[in-house]
Amino acid sequence: MPEHPDASENDVSSDTAATTTSSRPPWVRRVLVVVAVLIGLGLVAAAGVGVAFWQVRSSTQIPSADDLVIPDPTVVLDKDGETIQTLEPAAVRANVSLDDLPEHVPQAIMAAEDRRFYEHSGFSARGIVRALWTNLRSGARQQGASTITQQYVELAVEDVDDSYMGKFREVAVATKLESELDKDEILENYLNTVPFGRTAYGIEAAAQTYFAVSAAELDVEQAAVLAGMIAAPTAYDPAENPEGAAQRRDFALQGMVEIDALTQSEADGMIGTDLPELRTQPLFEFGPDAYFLDAVRAEVPALLGEDQELGSGLVVHTTLDREAQQLAHEVVNDHLDGTDHTGAIVTIEAGNGAVRTLLGGRDYESQQYNVAIRGERQIGSAFKAFTLAELVAQGYDPDRTRIDAPQTLVVEQEGGEDAEIGNYGGEGYGEVDMRHATVDSINTAYVRMAEELGFDAVADRAESLGIHGELPAYPSLTLGSVGIPPIQVAEAYSTLAAEG
């Protein structure tokens, strides 16, 4: 019986389909299924992120620069809980129009903080990817990739933090801000609210605080100094850290070259030079407690972080004894009256380390440099106590340890040069014990003992007691030839007094 003419064709077609299907390995089908599922999940996730993005964007209200709240005053208390002073925010904030500023002021800010400000739409995708990659490689958040728009959102909107979710919210709100305000308005709001340290908010307050001029009067270098401070205002305070502030100024100046705000020649004329003259405006009234308050101002952000400064609504409990502080002020001024000299006093209670007095000069109004915490002065024979401490630490008995104390002593220093050490009055003592050497402050005995103990060991002992900074291990170290701030000496002696 003849076959139907289409039957063979159908059979061939069916066989071909079966062969094609059966020729595809099972693992390929599984991979295709997984890929399809992943694509589907990706689309769902993307849709979810998009919905969340627009929900955050639409639900967040952005206050104007005028509505932002300036932090409350800080109250500083003495050891008895009595108020030393209420510290109002310095210079507070004074808004300034972008049109009233010379071009180089906003240009310096953009050069330091956001060189593509006029090109992006609120955030930098390239910066976010770079920061994310850096953070993933380090295992910690090291970069935030915030544009000027994002920084303003951080200042203006609550519940925006440095977490990844906080950054997501920040980016969403930044795009909303860019859709509601033009670039100049955003930049002006930012310039009027960004903190510059010392509780100065905005470029006008910063100009007055650091240079005693209005923002409209800032020159290029002054603007670059302020721009460089924004990343970490306390760390780059030009009065506290001139080297760091100069590096940040140079960074801003070079950035101005890159955005065509300066020529390289113009920038080179300022890069690497000394900082412009500063005018430090105190945050408090003048008086006996002013130097102590100056020390508190430096200590608060060091203890609590960059965001915590005087003028930010804190209650600061201190250990100041105001009666003793008044007495210290009177003693220094009475003793130095009629001279051009200055003086400093620091007293620390042994056992608990409480600073009872801290006076950094005769008059804070005329001398704001705090000698007590910044002044590096040679401390002379006061350093011998640290050599004696190392002697005891190495197991020697000062009463039984005898050493020759000639009139002069020649000691070889590192580098091959000899150091000649003499005693006060040119006197020689022969062999003495270390108690005698301490009572009479015999230089040659102490240098010889330091040589026996090891100059490095003496330097390490001083550091362990609270003396910081470079302590060169040479013979005259034990005679106090190195400059050390008074507060460090007081801290070290209080440790010894507490048998620490």
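Take L304 and Q413, extend 7 Å from each Cα along the Cα→Cβ direction, and tell me the distance between the two endpoints in nm.
4.6 nm
How much net charge surrounds M256 when only other residues with a Cβ under 10 Å from its Cβ are counted (Lys, Arg +1; Asp, Glu -1)?
-2
List every residue whose amide H lies under 5 Å from the amide H of Q85, counting only residues 5 or more places away in sequence or on a different chain, with H placed 1.01 Å from N in the peptide plane.
V76
Positive end of the charge dipole of the range 378-484 (Lys, Arg +1 and Asp, Glu -1 on Cβ, about the Cα centre): tell me which of L471, L391, V447 has its Cα farthest that way.
The one lying farthest along the dipole's positive direction is L391.
Sort L253, L471, L218 by Cβ crowding within 10 Å, fewest neighbours at the top.
By the 10 Å Cβ count, ascending: L471, L218, L253.
Under 5 Å between amide hydrogens, which residues at least 5 positions from R356 or on another chain qualify, with H placed 1.01 Å from N in the peptide plane?
HN-HN under 5 Å from R356: T347, I348, E349.
Apply the Karplus curve 6.51 cos²θ - 1.76 cosθ + 1.60, θ = phi - 60°, to the phi angles in the range 364-369 and return the couplings in whole Hz, x for Gly and Pro.
For the range 364-369, the Karplus curve yields 5, 5, 9, 9, 8, 6 Hz.
Taking 0.36 nm per intervening residue step and subtracting the Cα-Cα distance, what contour gain separates A473 from D274 on full extension?
Answer, rounded to one decimal: 68.5 nm.
Order these by the 10 Å Cβ neighbour count, fewest first: D182, D460.
D182, D460
Calculate the FRET efficiency for Q378 and A94 from the Cβ-Cβ distance with a Förster distance of 45 Å, rounded to the nearest 0.05.
E between Q378 and A94, to the nearest 0.05, is 0.50.
Could you derive backbone 3J(HN,Hα) for the range 190-198 from the dihedral phi with the Karplus parameters 6.51, -1.76 and 1.60 (θ = phi - 60°), listing whole Hz in sequence and x where the residue is Gly or Pro?
Each residue of the range 190-198 in turn: 4, 4, 8, 10, 5, x, 10, x, 6 Hz.
Want the number for H341 to E217: 0.36 nm per residue separation, take away the alpha-carbon distance, what's left?
Extra length from H341 to E217 when fully extended: 41.1 nm.
Quick check: net charge around E82, other residues with Cβ under 13 Å of its Cβ, Lys/Arg +1 and Asp/Glu -1?
-3
Between rounded, prolate and oblate, where does the range 378-484 land on the alpha carbon gyration tensor, with a ≥ b ≥ c its root eigenvalues, rounded for a/c under 1.5, else prolate if a/b exceeds b/c?
oblate
Using a 7 Å offset from the Cα along the Cα-to-Cβ direction at both V392 and A497, what is the distance between the two label points in nm, to one decimal?
According to this spin-label approximation, the distance is 1.4 nm.
Considering amide H positions built from the backbone, and no H for Pro or chain starts, which residues 5 or more places from R377, or on another chain, come under 5 Å of its amide H?
I484
Determine the gain in length on full extension of the stretch S366-R116; use 0.36 nm per residue of separation and subtract their C-alpha separation, reporting nm with one decimal.
85.6 nm
As a footprinting exposure proxy, order L314, L191 by other Cβ within 10 Å, with the fewest listed first.
If I rank by nearby Cβ atoms, fewest first, I get L314, L191.
Got a sec to turn the phi values of the range 462-474 into Karplus ³J(HN,Hα) couplings, 6.51 cos²θ - 1.76 cosθ + 1.60 with θ = phi - 60°, whole Hz, x for Gly and Pro?
3J(HN,Hα) across the range 462-474, in whole Hz: 4, 5, 5, 8, x, 8, 10, x, 6, 10, x, 7, 10.
A short reminder: the numbers here are calculations on the coordinates, not readings from a lab. These figures come from a predicted structure and were not determined experimentally. Here the Cβ is made from the backbone with ideal geometry for all residues, glycine too, and neighbour counts use every protein chain on show.
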